[in-house]
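Encoded as C-alpha cells, the structure appears first; notes follow it.
The values are calculated or read from the model by the stated rules, or taken from the named source; none is laboratory data. The structure presented is a predicted model; accordingly, all values stated were derived computationally and were not measured. Positions of Cβ are generated from backbone atoms using ideal geometry, with glycine treated the same way; all protein chains shown enter the neighbour counts. In case anyone asks, the SASA skips ligands and DNA or RNA and just uses the protein heavy atoms, side chains included. Shrake-Rupley method; radii C 1.70, N 1.55, O 1.52, S 1.80 Å.
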Amino acid sequence: MSHPAFAPGNVAVVTGAASGIGLAAARHFATLGMRVVLTDLAGEKLDKAASDVAAAAPGGAQHVTAIATDVSRLDALEALEREVHRQLGDVHVLMNNAGIQPGSAILGPLAAWEATLGVNLWGVINGSRVFASRMISHGKAAVIINTGSKQGITTPPGDPAYNVSKAGVKVFTEALEHELRNTAGSQVHAHLLIPGFVYTGLTAGGRTE
C-alpha cells in the first residue's frame, strides 16, 4: 500500500481482529511496519491473535497492542479511543471490521436483530464518529475502512438483519466520505471494503476449508 496513512510507524486500529479478515488485515498492517492495535472481545482468541501479529511485525510485540472492546457499546468505543491515544498518539488507519451473523428472520427473535445491528452497524457508526474528530484534527493522511458485504448490496433472502446491517454500512460509509472530503483541513478519507466470499469462522458454517 503506497498511501501515506500506511507508512511505517503509523498507528492502525482494527476491530474484530481476533479472527478472519480483521486478523489478516492486522497482520498485513504489521508487516508494513505499522503499530497495530487489535481489538475484539476479551479472551484467548484475542491474545493468540496479538501473538500471531507480533510474530509478523518487524518491531515485534512492542508494535502490537491488544485491547478488549465490545464495539456494540458506545462507552467501550470511547474508552478504546482514549486508551489508544494515551498509549500511541495519533491514529492513521481505523478499520471498523467487527461483525457477527447469528442468523435472523423478519418475525424471528428480536435479540438477533439487536445483536446484529449493534455490532455490524452501530459498531461502524460509533467507531467512525468516536475516532474521526481526532483523526481530522491531527492533520495527517488517514483512512477509515468499514467492512461491508455483498449481502448489503444483493440482499439475498435468509438473513434480513445481516443484510440490513451491511446495507447500512454501505450507505453510512458513502455519507462519511462525502462529509470528510468537505471538511476544511481534513486529510481523512473513508473506504468501504466489500470482500468476496472468504473462508472465515463467520462464513464456514460447518464446511471444511
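Rg then Dmax, both in Å and based on the Cα atoms of the stretch 86-209: 16.0, 50.
Taking every protein chain into account, the 1.4 Å probe leaves K48 with about 120 Å² of accessible area, to the nearest ten.
Residues whose amide H falls under 5 Å from that of H191, counting only those 5 or more places apart or on a different chain, are I144, I145, N146, with hydrogens built in the peptide plane.
When semi-axes √(5λ) of the Cα gyration tensor in Å is calculated directly from the model, which label among [x] 31, 17, 15; [y] 26, 21, 15; [z] 30, 20, 19 fits? For semi-axes √(5λ) of the Cα gyration tensor in Å, the calculated option is [y]. Estimated from helical segments only, the mean residue ellipticity of the chain at 222 nm is -13500 deg cm²/dmol, where each DSSP H run of four or more residues counts as -39500 (n - 2.57). What a 1.4 Å probe finds exposed on the stretch 85-209 is 59% carbon and sulfur by accessible area, rounded to a whole percent.
Considering amide H positions built from the backbone, and no H for Pro or chain starts, which residues 5 or more places from A66, or on another chain, come under 5 Å of its amide H? Here the answer is L38, since their amide H atoms fall under 5 Å of that of A66. Computed across the stretch 1-118, the Kirkwood radius stands at 14.7 Å (inverse of mean 1/r, all Cα pairs). Close amide H pairs (under 5 Å, H built 1.01 Å from N) link A98 with T15, G16, residues at least 5 positions away or on another chain.
Remark: the chain carries 48 Å² of accessible area per residue (probe radius 1.4 Å; ligands, DNA and RNA excluded). Rounded to the nearest 20, the size of the Cβ-charge dipole of the chain about its Cα centre is 320 debye, with Lys and Arg at +1 and Asp and Glu at -1.
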